[in-house]
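The values are calculated or read from the model by the stated rules, or taken from the named source; none is laboratory data. Everything quoted here is computed from the prediction, not taken from an experiment. We place every Cβ from the backbone using ideal geometry, glycine too, and count neighbours over all the protein chains shown.
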Amino acid sequence: MRRFFKNVPDKDWLSYEWQIRNRIRTLDELKAFIKLTPEEEEGIRRTRGLYPMAITPYYLSLIDPDDPNDPVRLQAIPRVVEVDEKVQAKGEPDALREEGQIPGLTHRYPDRVLMVVTTFCAVYCRHCMRKRIFSQGERSLTKAEIDRIIDYIKQHEEVRDVLISGGDPLSMSLEKIEYILKRLREIKHVEIIRFGTRLPVLAPQRFFDNRLLDILERYSPIWINTHFNHPKEITDLSAEAVDRLLRIGIPVNNQAVLLKGVNDDPDTMLELSRKLLRIKVKPQYLFHCDPIKGAVHFRTTVDKGLEIINYMRGRISGMGIPTYAVDLPGGKGKVPLLPEYIVSRMGNTFLFRSFSGEIVEYTIDEVA
Ligand code: SF4
């Protein structure tokens with residue numbers, strides 16, 4: 001769908017560079033496409049410099065301009081609530097304590113590290129857990145900064161898995177992407193490399209560049225975590241981007257965030273999972289929204305998350321049910337949350353609640 005951009009030729013519309021060059025960054029540019037609400041107009045003015053706006057023409061074209069509560073609109077267009085002091089006092093810039101001694105590196109779990117390699121994103125999502133880096137301007141780590149992280153990983157043989165994130169790491173130059181992959185692959189104990197990228201959602205044209213695909217394939221095995229939050233975001237172009245990744249052997253998993261007004265509804269999440277499976281993306285996680293300064297207004301209750309997971313069970317195969325998880329404050333890690341399926345227990349005899357709500361007694365003994 002190409003709402004607002006019908007006259008743009010295919011060669012431009014399908015070009016990632018064109019999408020990035022033509023990002024909508026100012027109030028006046030946006031007003032040319034969408035009649036904004038007063039809350040949005042003031043939001044764009046007051047978040048400037050702190051939580052800037054950028055929207056690719058592709059992502060903008062997914063918005064229904066007549067719906068002020070459109071789920072893509074809520075994720076892309078700033079609103080004044082982001083800087084409302086009373087609301088935002090409930091959030092912290094770095095609630096997950098990612099910032100450490102070495103810029104761009106977080107080493108929380110023994111076997112894994114996180115590299116935050118750039119502050120650049122095609123779209124600045126209003127709910128982003130790393131909103132704190134938006135105001136730093138658009139920059140990527142230098143080679144010297146990357147080398148410092150690589151040296152750390154080299155010295156820590158327990159690190160088997162490296163998650164490269166940002167910002168959007170696949171927005172970096174091909175040269176820098178290849179540099180990081182090459183250096184990581186020189187380290188024998190690094191087995192898994194993952195990219196956290198939202199480009200399949202925000203600018204899927206990125207994956208129409210065979211030079212990028214060649215690089216990713218060369219340094220296999222590589223996994224991609226992406227971030228579809230709403231079924232509207234699954235389009236022919238995003239499906240094609242995923243397909244191109246799958247064809248070069250890169251699995252794509254989805255990590256959605258539970259966002260009030262966007263996807264905090266059982267039917268919406270069920271539809272999202274169905275559409276993800278149709279394009280062969282595994283719905284891996286549904287994260288409870290973290291208490292991030294500038295994004296706390298997207299938080300809903302844990303009961304809502306549990307209700308959604310409970311609703312999905314019995315309506316879609318287990319493959320389509322994400323793990324609902326909350327990140328503990330202070331960087332203490334993720335905890336999976338499940339609806340209560342064990343009602344009571346006496347020894348090995350359980351009362352289970354089935355997906356339809358039926359209570360079933362079942363004794364499970366070990367067979368010697
Ligand atoms: S693409 Fe990811 S890192 Fe960038 S703003 Fe959106 S959620 Fe945050």
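When the residues of the stretch 151-168 are filtered to those that are closer than 25 Å to Asn253 by Cα and not in a strand (DSSP E or B), the one that is modelled with the lowest pLDDT is Gly166.
Filtering the stretch 43-93 to residues that are polar (S, T, N, Q) and buried (at least 17 other Cβ atoms within 10 Å of the Cβ) leaves Thr47, Thr56, Ser61, Gln75, Gln88. Taking Arg130 as the residue in question, decide whether it is under 30 Å from Val83 (Cα atoms) and outside the structural domain of Arg48 (by TED's automatic domain parsing). Yes. Answer with yes or no whether Pro110 is assigned to a loop (DSSP other than H, G, I, E, B) and within 30 Å of Lys188 (Cβ to Cβ). Yes; evaluated as a whole, the condition is true for this residue. Among the residues of the stretch 169-214, those identified as closer than 27 Å to Pro110 by Cβ and outside any helix (DSSP H, G or I) are Glu186, Ile187, Lys188, His189, Val190, Glu191, Ile192, Ile193, Arg194, Phe195, Gly196, Thr197.
How many residues does the stretch 67-115 contain that are of a type outside the set (Lys, Arg) and farther than 28 Å from Lys232 by Cα? I'd like the intermediate steps shown before the answer.
Just the residues of the stretch 67-115 that are of a type outside the set (Lys, Arg), to begin with: 67-72, 74-78, 80-85, 87-89, 91-96, 98-107, 109-111, 113-115.
Now restrict to residues that are farther than 28 Å from Lys232 by Cα: 84-85, 87-89, 91-96, 98-107, 109-111, 113-115.
Summing the residues that are of a type outside the set (Lys, Arg) and farther than 28 Å from Lys232 by Cα in the stretch 67-115 gives 27.
Given the stretch 301-368, what strands (runs of 3 or more DSSP E) lie entirely inside it while holding 3 or more residues that are surrounded by fewer than 11 Cβ atoms within 10 Å (Cβ to Cβ)? Working first, answer last.
Values: elements: 323-328, 333-337, 342-346, 349-353, 359-363.
Correct list: 342-346, 359-363.
For the stretch 180-204, the set of residues classified as more than 16 Å from the ligand (Cβ to nearest atom), among the β-branched types (Val, Ile, Thr) and within 23 Å of the chain's Cα centre (by Cα) consists of Ile180, Ile192, Ile193, listed by residue number. Restricting the stretch 134-179 to residues that are over 22 Å from the mean Cα position of the chain (by Cα) and of a type in the set (Phe, Trp, Tyr) leaves a set whose member that is farthest from Gly196 (Cα to Cα) is Tyr152. Scanning the stretch 113-141 for residues that are within 13 Å of the ligand (Cβ to nearest atom), part of a loop (DSSP other than H, G, I, E, B), buried (at least 18 other Cβ atoms within 10 Å of the Cβ) and of a type outside the set (Phe, Trp, Tyr) yields Val117, Thr119, Cys121, Ala122, Val123, Cys125, Arg126, His127, Cys128, Met129, Arg130.
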